[in-house]
Structures are given as structure tokens and as C-alpha cells.
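Student: Supplied in C-alpha cells, the structure appears directly below.
The values are calculated or read from the model by the stated rules, or taken from the named source; none is laboratory data. From a predicted model like this one, the values you see are computed outputs, not experimental measurements. All Cβ positions, even for glycine, are placed from backbone atoms using ideal geometry, and neighbour counts span all protein chains on display.
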Ligand code: NAD
């Protein structure tokens, strides 16, 4: 294949932006999408040199990978992320709102303070909501011009959208908010044939859960979930890849739980 052929093939690839894509669940999603042939924009807050090994690992799948650094909770940085993605890939096909934080400290809702509430809501809810608004407007514009343009939006929320944990209320509220955002964006973008999906992971082995390893090791042994193991980033990645590659064409607004059956009520 000559250089022109190879670059025009590159241009035909679909593109995906994964917020918080340089580690944990986001990286698991990035690997599955790279395997499926997507060019990737990886967003995160760390500087580019510290995520270079991760970017190189993704490039080894033979796809184009860029880093779109920025804090999704800040308006001007969301705009920078948007500009970086558009200037590299043109029109984005798949937005994956994955970045999120847990409260720094788990505190009983009788005592927890407002500062943590604001930080968690800014990053977990306001950030993805308005990043979606930016890309949704662009997707709508492209859809109006080219009706066969393929695109979708995927929100990574949590089983905490429905399961109450009284020692991290702000996290649960942020994820319940994302669940409503999924419905809102699905309803608004339906007329343009832009599906919006949600994934609710259960307990997944990442940096976010490292501090509660022993607790959940024991709970899994005692039957917390039907499948007696931790969830892995790739478990979430495979579901995101199914959504991103159009394997759920008539399911906009739907939620897929990736929790090993944790939320299946049993007697
Ligand atoms: P993680 O802490 O390993 O990774 C989160 C990523 O998001 C990191 O790369 C981090 O740098 C990035 N990030 C954080 N704040 C950001 C910001 N303001 N702007 C841009 N990027 C930011 O966490 P994870 O376990 O991989 O979680 C990923 C998503 O999955 C989160 O939304 C989390 O709430 C959700 N989730 C995780 C679990 C779990 O058990 N690990 C369960 C359910 C849902």
C-alpha cells in the first residue's frame, strides 16, 4: 500500500474520544475500541509525557492516537478538548463520557461537607453534560448535511445511580444525574438518529477501588455478585465497543449493567 492509500484508509476510520481514557475503565474501553479500528482521542488531566507509554500501547493496534489534555469540569478546558479533537479528526463519531472521581473521603451523609459535593458534581455530572452539549451540536450539524454519518454518545455512570451508599452520597447523586442526562440526550437527539447509551459498571478493579480491595475481596467471596469476581476494565470495554460499532442500533437511551449480577435481587 502506498502512502496516499494508507492515509486515505486512515481517514475512513471512525474516531472516538474517551474522557479519562489513560487508565482504569477508560483505558479498557480505549483498548477495545482500538482493536475495533477506531482512531482515538484520549483525554485526561495528567501532562502528555506521563501518559506517553499508554498512548504508545494504543498506537500499537495500528490506529491514530492523540492526547486531548484538559479538566472536563472547566468550560475553557472542555473547549480546548473539543478543538483538539476536531482539528485532528474532523467530525467525531463516538463520545465516551467516562472520566469521573470518587469523593476524596467517604463520609456519612449526616456529616459530609459541601466542598466534596461540589467537586464531585462538577467533574462527574456538569463536565460530561456540557461536553455532550458541545459534541452533540456538532453531530447534529453533520447529520443534517450527511444523513449516513454514524455517531453515538456513551455515558459511563455506575450502579451507584440506583444503589444507595450513605457514605458517598455526592457520588451516587452525580451518577443518578448522569442516568437522567442519558435519557435527556437520547430524547433530544433521537430525531437526528444519534443514539445515546449508558453503561453502569459494578465494582471494577481500577485505581479508584484500590483502597477498598480487601473489603470487596471478602464481599465477592461471600456472594456479593452472581459472578464471583471483580469486574475488569475490559468487561466494560467490550460493552462500549458493541455500542460504538453499532451493535445496538434500536436501543437508544438504554442502560447496560456490567456488574456480574450484583444488582440482581435474590432471596
Ligand atoms: P480511575 O480513577 O482509575 O480513572 C479515572 C480517570 O478519569 C483518570 O484517568 C483521571 O485522570 C480521569 N479524570 C478524573 N478527573 C478528571 C477531570 N476533571 N477531567 C478529565 N479527566 C479526569 O477510575 P475508574 O475506576 O477507571 O472510573 C472510570 C469511570 O467509571 C468513572 O466515571 C467512575 O465513576 C466509573 N465507575 C467506576 C467503578 C469502579 O468500580 N472502578 C464502578 C462504577 C463506575
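Student: Residue check: is residue 144 surrounded by fewer than 18 Cβ atoms within 10 Å (Cβ to Cβ), within 16 Å of the ligand (Cβ to nearest atom) and modelled with pLDDT of 95 or more?
Tutor: No, not satisfied.
Student: Among the numbered criteria (1) at pLDDT below 95; (2) within 16 Å of the ligand (Cβ to nearest atom), which one does residue 10 miss?
Tutor: (2)
Student: Residue check, residue 203 against (1) under 17 Å from the mean Cα position of the chain (by Cα); (2) under 29 Å from residue 141 (Cβ atoms), all met but one. Which one?
Tutor: Just one mismatch for residue 203, condition (2).
Student: Between 88, 32, which is touching a residue at least 12 places away in the same chain (Cβ under 8 Å) and over 15 Å from the mean Cα position of the chain (by Cα)?
Tutor: None of the others qualify; the one that does is 88.
Student: Would you confirm, using the coordinates I've provided, whether residue 184 is out of contact with any helix residue (DSSP H, G or I) (no Cβ under 6 Å at 6 or more places or on another chain), assigned to a helix (DSSP H, G or I), away from the ligand (no atom under 13 Å from the Cβ) and without any contact (Cβ under 8 Å) to a residue 60 or more places away in the chain?
Tutor: Criteria met by residue 184.
Student: Is the stretch 237-258 home to any residue that is over 26 Å from residue 186 (Cα atoms), surrounded by 11 or more Cβ atoms within 10 Å (Cβ to Cβ) and either in contact (Cβ under 8 Å) with a residue 24 or more places away in the chain or touching a strand residue (DSSP E or B) at 6+ places or on another chain (Cβ under 7 Å) (or both)?
Tutor: There is no residue in the stretch 237-258 that is over 26 Å from residue 186 (Cα atoms), surrounded by 11 or more Cβ atoms within 10 Å (Cβ to Cβ) and either in contact (Cβ under 8 Å) with a residue 24 or more places away in the chain or touching a strand residue (DSSP E or B) at 6+ places or on another chain (Cβ under 7 Å) (or both).
Student: Which residues, taken from the stretch 85-106, are within 13 Å of the ligand (Cβ to nearest atom) and surrounded by fewer than 21 Cβ atoms within 10 Å (Cβ to Cβ)?
Tutor: Matches in the stretch 85-106: 101, 102, 103, 104.
Student: Could I ask something else about it? For the stretch 91-118, which residues satisfy the criterion of being out of contact with any helix residue (DSSP H, G or I) (no Cβ under 8 Å at 6 or more places or on another chain) and free of Cβ contacts under 8 Å to residues at least 60 places away in the same chain?
Tutor: 108, 110, 111, 113, 114, 115, 118
Student: For the stretch 33-66, how many residues are outside any helix (DSSP H, G or I) and closer than 13 Å to residue 15 by Cα?
Tutor: Total satisfying the criteria: 11.
Student: Taking only pairs six or more apart or across chains, which ones have beta-carbon atoms under 7 Å, a first residue in the stretch 152-168 that is within 9 Å of the ligand (Cβ to nearest atom), and a second residue that is part of a loop (DSSP other than H, G, I, E, B)?
Tutor: Sorted first by the residue in the stretch 152-168, then by its partner, the pairs are 156/98; 159/202; 159/259; 159/262; 159/263.
Student: Would you pick out the residues in the stretch 46-73 that are more than 23 Å from residue 142 (Cα to Cα), near the ligand (Cβ under 10 Å from one of its atoms) and surrounded by 15 or more Cβ atoms within 10 Å (Cβ to Cβ)?
Tutor: Correct list: 51, 54, 69, 70, 71, 72, 73.
Student: Check residue 262 against each of (1) surrounded by 13 or more Cβ atoms within 10 Å (Cβ to Cβ); (2) part of a loop (DSSP other than H, G, I, E, B); (3) at pLDDT below 95 and name the one condition it does not meet.
Tutor: Among (1) surrounded by 13 or more Cβ atoms within 10 Å (Cβ to Cβ); (2) part of a loop (DSSP other than H, G, I, E, B); (3) at pLDDT below 95, the lone unmet condition for residue 262 is (3).
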